[in-house]
Amino acid sequence: MMFAKPEVPNDPRYKALDRAMKKLGYAKSSLIESLHAVQEAFGFLDDEPMKFVAASLRLPPSKVYGVATFYHYFTLKPAGEHTCVVCTGTACYIKGANKIVDAVCKKHKIKAGETTKDGKLSLVTARCIGCCGIAPAAVFDKEVLGTLDEEKTLSNTIRN
C-alpha cells in the first residue's frame with residue numbers, strides 16, 4: 001500500500017514542521033519530536049497542525065491527541081505574552097510552592113494552566129524543573145529564579 005503524504009499548506013510554519021518531520025524520516029516513532037516542532041512553530045498544539053502530523057506520520061489523530069494531552073510540556077491553548085512556570089516538585093512544594101501558585105492565581109485572577117484575559121501572562125505548574133537546591137523555584141520567560149516567596153514571585157509576574 002502506497003503512502004500519500006499530505007500536501008504542505010503554503011504557510012512557513014507548516015513548511016518548518018514538514019522539514020522537521022522529513023529530517024526524522026516521517027517515522028511513527030518521531031511523534032513526540034514532531035509535536036515539539038508543532039509547538040515551536042505555532043506556539044501551541046492547534047488542531048489542524050496535529051491532523052497534519054497524524055497524516056504525515058500515518059497515525060490516527062486519536063494517537064496524536066493522546067500523546068499531546070499526556071505530556072505536561074505540550075499545551076493545546078495559546079500561551080500568554082509572558083510565562084510563569086512554578087515548580088511543584090517535592091523540594092519546592094515543601095518550601096511553599098503551593099502558596100506561590102495560590103498568590104499568582106489570586107493576583108492575576110487565573111488558575112494554574114490558564115492565561116490572563118488580556119493574554120499577558122500564562123501560569124503553568126511543572127512537576128520538577130531540576131532546581132531543587134534553590135527551591136522554591138520558577139521559570140519566568142525562560143529565566144530560572146530560586147528561593148522564591150509569594151512577594152518575589154508576584155514582582156516578577158507584574159514586571160512583565
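Going residue by residue through the stretch 63-73, is there one that turns out to be buried (at least 19 other Cβ atoms within 10 Å of the Cβ) and touching a Phe, Trp or Tyr at 6+ places or on another chain (Cβ under 9 Å)?
Just the residues of the stretch 63-73 that are buried (at least 19 other Cβ atoms within 10 Å of the Cβ), to begin with: 64, 68.
Within this subset, residues satisfying the condition of being touching a Phe, Trp or Tyr at 6+ places or on another chain (Cβ under 9 Å) are 68.
Yes; the residues of the stretch 63-73 include at least one that is buried (at least 19 other Cβ atoms within 10 Å of the Cβ) and touching a Phe, Trp or Tyr at 6+ places or on another chain (Cβ under 9 Å).
Considering the stretch 142-158, the residues that are more than 16 Å from Thr125 (Cβ to Cβ) and acidic (Asp, Glu) include one that is nearest to the chain's Cα centre (by Cα), namely Glu143. Answer yes if at least one residue in the stretch 89-109 is β-branched (Val, Ile, Thr) and under 30 Å from Glu48 (Cα atoms), and no otherwise. The answer is no; no qualifying residue exists. For the stretch 75-121, which residues satisfy the criterion of being among the basic types (Lys, Arg) and outside the structural domain of Ala138 (by TED's automatic domain parsing)? Hit for the stretch 75-121 is Lys77, nothing else. For the condition at pLDDT 95 or above, among the small types (Gly, Ala, Ser), over 18 Å from the mean Cα position of the chain (by Cα) and in the same structural domain as Phe140 (by TED's automatic domain parsing), Ala54 does not qualify. For Gly119, the conditions (1) in a loop (DSSP other than H, G, I, E, B); (2) under 14 Å from Gly89 (Cα atoms) all hold with the exception of (2). Each residue in the stretch 122-160 was checked for being surrounded by 17 or more Cβ atoms within 10 Å (Cβ to Cβ), assigned to a helix (DSSP H, G or I), in contact with a strand residue (DSSP E or B) (Cβ under 8 Å, 6 or more places away or on another chain) and not hydroxyl-bearing (Ser, Thr, Tyr), and 1 of them qualify.
The values are calculated or read from the model by the stated rules, or taken from the named source; none is laboratory data. Keep in mind it's a predicted model, so treat the numbers as computed, not measured. Positions of Cβ are backbone-derived with ideal geometry, glycine not excepted, and every protein chain shown enters the neighbour counts.
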